[in-house]
Each structure stands twice: as C-alpha cells, then as structure tokens.
Amino acid sequence: MKNKRPFLCTVLYMTMLLALCFAMRAGGINYTPQTTMYAPDGRTLLVQASQVEIYQNVGWYTEPVRMMYAADGRTLVIPETETELYINVGWYTEPVRTMYAADGRTLVIKTAETVAYENVGWFTEPPIIMYAADGRTLAVNPSDVAAHETVGWFTEPPVIMYAMDGRTLAIKANEVTAYENVGWFTEPPLRVYATDGRTLDIKGSELQAYLNVGWYRSPKDFPVSGAMVALTFDDGPSRYTNRILDCLAKYNAKATFFVVGNSVSSYPDVVKRAYNMGMEIGNHTMTHPNLKTLSADSVSRELNGAANKIASVIGVKPTLLRPPYGNYNSTVSSISGTPLILWSIDTLDWKTRNADKTVNCVMNEVKDGSIILMHDLYEASAAAAERIIPQLIKRGYKLVTVSQLAQAKGYNLVNGKAYHSFR
Ligand code: ZN
C-alpha cells in the first residue's frame, strides 16, 4: 500500500486556505470597491463606497460637475453634461456681472473684465446723472455723488437764481423760495420806478404788468408835465368807430380819424358825431390807393374827392392828409395842399388783430409827442382802444388831435411837408 500521508496533507492544506479566505473576508482588508468623487473646481478623489454619502455631504459629487454663474451673482453646481442646457437659459461658465451705462443700457460681462469696461464708461451699479449749472450732465457711481456735490454738481437740474447786482447762483429746486425771500430772482430782475420816487425790483417777465399800472422802466420815461399824444385811426369809418368814440367821450379824450371817402358815404352819421365831439377828421383819400403809383390828375381826384365828401357831411374840408400806406412823393406833396401826417408808433393792429399786442405796443413805445397809428376797421382795434385810452390818461398823457398836438408843441405846419411826431 502506498503512503496516504500526502493526500491527508493536501486536504489539510486546502482546509486551512479556505479558513484563511473566510478570515480575510470577515476582516475587510484590501478588498472594498472604490468610487471616484468630483468637486466643482475639477478635483477628483477616490473614496470607498461606504463613504460616498459623507463626501456628498461636504460638496463632492459622484459625476463630473461644474459651477455655473448668473448675472445677479447666484451660482449653481450642475452635471457637466448639462452645461449647454444652462448656457441656453442665461447661465455662464465663469463669474459674470451686470454693467450699467449712463443711457440706461445694461450689459453682462465676465467679472474679470470689469476694469476694462469701467475704463470705457460703464458702471458696476446704475449710475446717477448729475447736473452742472452750465447745463452739462455727468453720470457717476452712486458712491461718488457726495464728492461731486461738494464741487458744484447737482442730482437734479439746478435752478439759476439772479441778483439785482448781476450775480447768478445755481441752487436746488427746493431752495428757490428761501432764496426768493432774501432777494434772489428766478429770472434776471429789473428795477422799476414810480414818479413819487419809489423803486421796486421785479422779475423781467412782470415788466409789462408794472408798466400798465404806472411804473416806469427808468425815471427818464416819466411823463413830463403836459405830456400829450395823438391817437389816430385810419381806414374808417366802420361799424366799430362808435365804440371808440364812446370810450373817448367817457374819458373826455380827443383823437384824429383819417377817413376813406367811400366809407364816409356808408357811415355819414358816425363822421358827423366824431366831428361834433371835437375829433379831428383827416383825409385818407377816396379809395385808399398807393398814391405814388398815380398820375397827378388821379392823385388830385383821390384827395379832392375825399375832401369834398367830408365837407358834404361836416361842413368843412380836412386840413390834414394821411397818404395810404404812408406812401407819397413830390407830386403828392405839391398837390396835397395840406401837411402830410405820418406816425411814430405803428401798432400793426391791422396785421395782428390782437388787442393785447396792440395795447403792449402803444404802452411800451409811447412818448410825449407820439403819433400813434391804429385802424378803426377791426374789432380787436376797438377793444385795444378801450384799454389804451384810460391807460394813457392814467400815465399822465393828455389825448389830443393831431392839430392840437402840433400847436401845443409849437409847430407851424407846412403844406406838403411830412410829420412823424411832434416833440
Ligand atoms: Zn389806410
């Protein structure tokens, strides 16, 4: 019989090996599977499967991830495979920020490029528009507002204030009243003068209102004692003439009416009334032509026709001629047989048909000895006359006819000569 010991030894050896295997397995030595973990910054790490959860709790992931950035500063860690998806809905793969332009535009840029954008006028916050007294504007960072205010910039358009001595000052809108209370004005001020010596500093735009109630731009504008003026009305009579006559009667004032012969035929009673009230009736031709364009015969017919027409109504021929449009030549002068009366103040009432403008024109330009041209052919002119007559009287003017004005100022009127005023 062969020796059985090697067989027994083999069995024994196998048994021991098996036991060792079991022992090793129970001890867990060098046998557990490993997992790769990923950080958003690209690092990777091998960890034991049992520790995956621990790593996840401190910001590791089991698949490749990346950090995404929003313009408002939010960040998000996403699976790398979804990068494109997030880019499509406004996320970025690197830090970004919103930049602001002075005109309201915004722009999302890489944070690393901030300085480059600031250098070409973009801001990291919505900029504040600041205003200078000279009208310039400037966009600044909110944090720089205070510094700019100390060197004369404003956060809203400043108001320019004016002093009587010519100084100006830029201030905030809410300070206007305080400055007005200590003598500053929101527009260049003016000084007006009263005949009793008082002065008043007013806004330039209020000048007309003050002139209308008896103040003067300068003492040299004060009406001298005995100041007088001749109101003249051309192109009538018309249905508006009586309104003017009523007003003249009310203020015991006189005026001169340069009437058109043809219209005298239409309103003889108006002409008669005016004459009987002491108004002067002057010649303004028969048909209102431009006398410079007419032959001597025609000029003669125009002047004599009107003179005869007037005489047929009031009994006397006119002693003054006003050539239509102020147009005359040597033929007109030699044929006229009367002085030619023009004007020093042309209200252009026929053109503006605006009572305010007519009133302002007269009250701004009137001087002692003025001859004022108006037309009693328009409603607005009648309305203006109703305001001008009392205002002139209030300012100290005596309203007289042209002949009375010439006589009072010592003129000996010469036939054929033209007069614009009597100073
Ligand atoms: Zn005329």
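What to note about this one:
- Filtered residue count, the stretch 143-195, keeping only those that are of a type in the set (G, A, S) and more than 21 Å from I129 (Cα to Cα): 5
- A search for C-beta distances below 6 Å between a residue of the stretch 87-103 that is among the basic types (K, R) and any residue that is part of a helix (DSSP H, G or I), counting only pairs 6+ apart in sequence or on different chains, returns R97/T111.
- Enumeration of residues in the stretch 402-423 that are touching a residue at least 60 places away in the same chain (Cβ under 8 Å) and of a type in the set (S, T, N, Q): S403, Q404, N415, S421
To keep it simple, each residue is scored yes or no on (1) of a type in the set (A, V, I, L, M); (2) open to solvent by 60 Å² or more (accessible area, probe 1.4 Å).
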| residue | (1), (2) |
| --- | --- |
| T168 | no, yes |
| A173 | yes, no |
| V176 | yes, no |
| N181 | no, yes |
| T186 | no, no |
| P189 | no, no |
| R198 | no, yes |
| I202 | yes, no |
| Q208 | no, no |
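- Candidates in the stretch 399-417 are the residues that are in contact with a Gly (Cβ under 8 Å, 6 or more places away or on another chain) and of a type in the set (A, V, I, L, M); of these, the one that is farthest from V229 (Cα to Cα) is A408.
- Residue within the stretch 311-331 that is at pLDDT 95 or above, within 14 Å of S381 (Cβ to Cβ), of a type in the set (G, A, S) and within 46 Å of the chain's Cα centre (by Cα) present: no
- Qualifying residue in the stretch 226-237 (condition: without any contact (Cβ under 8 Å) to a residue 40 or more places away in the chain and more than 16 Å from the ligand (Cβ to nearest atom)): no
- Evaluation of I310 against the conditions (1) away from the ligand (no atom under 16 Å from the Cβ); (2) in contact (Cβ under 8 Å) with a residue 24 or more places away in the chain; (3) β-branched (V, I, T) shows that the sole unmet condition is (1).
- Residue count for the stretch 273-307, restricted to those that are in a loop (DSSP other than H, G, I, E, B) and either over 17 Å from P324 (Cα atoms) or away from the ligand (no atom under 14 Å from the Cβ) (or both): 5.
Yes/no per residue for (1) over 33 Å from the mean Cα position of the chain (by Cα); (2) over 30 Å from T186 (Cα atoms):
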position: R66; (1), (2): yes, yes
position: M99; (1), (2): yes, yes
position: E113; (1), (2): yes, yes
position: E118; (1), (2): yes, yes
position: E125; (1), (2): no, yes
position: T137; (1), (2): no, no
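- Of all residues in the stretch 245-265 being within 16 Å of the ligand (Cβ to nearest atom) and not in a loop (DSSP other than H, G, I, E, B), the one that is surrounded by the fewest Cβ atoms within 10 Å (Cβ to Cβ): N262
- Scanning the stretch 402-423 for residues that are under 27 Å from S330 (Cβ atoms) and among the polar types (S, T, N, Q) yields S403, Q407, N412, N415, S421.
- Of all residues in the stretch 316-352, exactly one satisfies the criterion of being part of a loop (DSSP other than H, G, I, E, B), within 16 Å of the ligand (Cβ to nearest atom), touching a residue at least 60 places away in the same chain (Cβ under 8 Å) and over 16 Å from F422 (Cβ atoms), namely Y328.
- As a summary of the residue check, F222 satisfies the conditions (1) surrounded by fewer than 18 Cβ atoms within 10 Å (Cβ to Cβ); (2) over 30 Å from K203 (Cβ atoms) except for the one numbered (2).
- Helices (runs of 4 or more DSSP H) lying entirely in the stretch 108-227 (those with 1 or more residues that are in contact with a strand residue (DSSP E or B) (Cβ under 6 Å, 6 or more places away or on another chain) and at positive phi): none
- Top-ranked residue in the stretch 332-354 [being within 30 Å of the chain's Cα centre (by Cα) and of a type in the set (V, I, T); ranked as nearest to A385 (Cα to Cα)]: T347
- The stretch 205-249, residues that are of a type in the set (F, W, Y) and under 37 Å from the mean Cα position of the chain (by Cα): Y210, W215, Y216, F222
- Among the residues making up the stretch 353-365, those that are assigned to a helix (DSSP H, G or I), of a type outside the set (S, T, Y) and either in contact with a helix residue (DSSP H, G or I) (Cβ under 9 Å, 6 or more places away or on another chain) or at pLDDT 95 or above (or both) are A355, D356, K357, V359, N360, C361, V362, M363, N364.
The values are calculated or read from the model by the stated rules, or taken from the named source; none is laboratory data. What you see is a predicted model; the values in this text were computed from it and never measured. Cβ atoms come from the backbone with ideal geometry, glycine included; neighbour counts cover every protein chain shown. Remember, those area values only see protein heavy atoms, side chains included, never the ligands or the DNA or RNA. Shrake-Rupley method; radii C 1.70, N 1.55, O 1.52, S 1.80 Å.
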